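Asker: One structure coming up, written as structure tokens, with questions to follow.
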Amino acid sequence: MGLMKVFSGSEILAQALQERLEIAGVETLKKDNIQSSRLGGFGGSDLAVELFIQETDFAKANPVIEDFRMNI
């Protein structure tokens with residue numbers, strides 16, 4: 001199975017969702033395009049952090065993601 005993107009936004013919100021998912025037992029992968037842009041010498045967008053989960057974890061992660069979206 002592959003990875004699926006479940007969030008794209010600010011670093012602060014990504015970190016908050018990542019913590020909630022990991023508490024629920026869902027491993028995440030964070031791709032920080034802001035940091036990558038800085039290292040490459042380019043400017044970056046403020047909404048450039050993405051969170052990915054395994055497709056097989058979606059059923060477990062979906063309630064956490066929906067609760068997070070409703071409360072931000």
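No value in this document is a laboratory result; all are computed from the given coordinates. If you're wondering where the values come from, they're calculated on a predicted model, not measured in any experiment.
Asker: Residue by residue through the range 14-31, what is 3J(HN,Hα) from phi via Karplus (6.51 cos²θ - 1.76 cosθ + 1.60, θ = phi - 60°)? Round to whole Hz and write x for glycine and proline.
Answerer: In residue order, the calculated couplings are 4, 5, 5, 5, 4, 5, 5, 5, 5, 5, 7, x, 10, 6, 10, 10, 9, 10 Hz.
Asker: Read phi for every residue in the range 65-72 and hand back ³J(HN,Hα) as whole Hz from Karplus 6.51 cos²θ - 1.76 cosθ + 1.60, θ = phi - 60°, with x for Gly and Pro.
Answerer: My calculation for the range 65-72 gives 5, 5, 4, 4, 5, 6, 9, 9 Hz in order.
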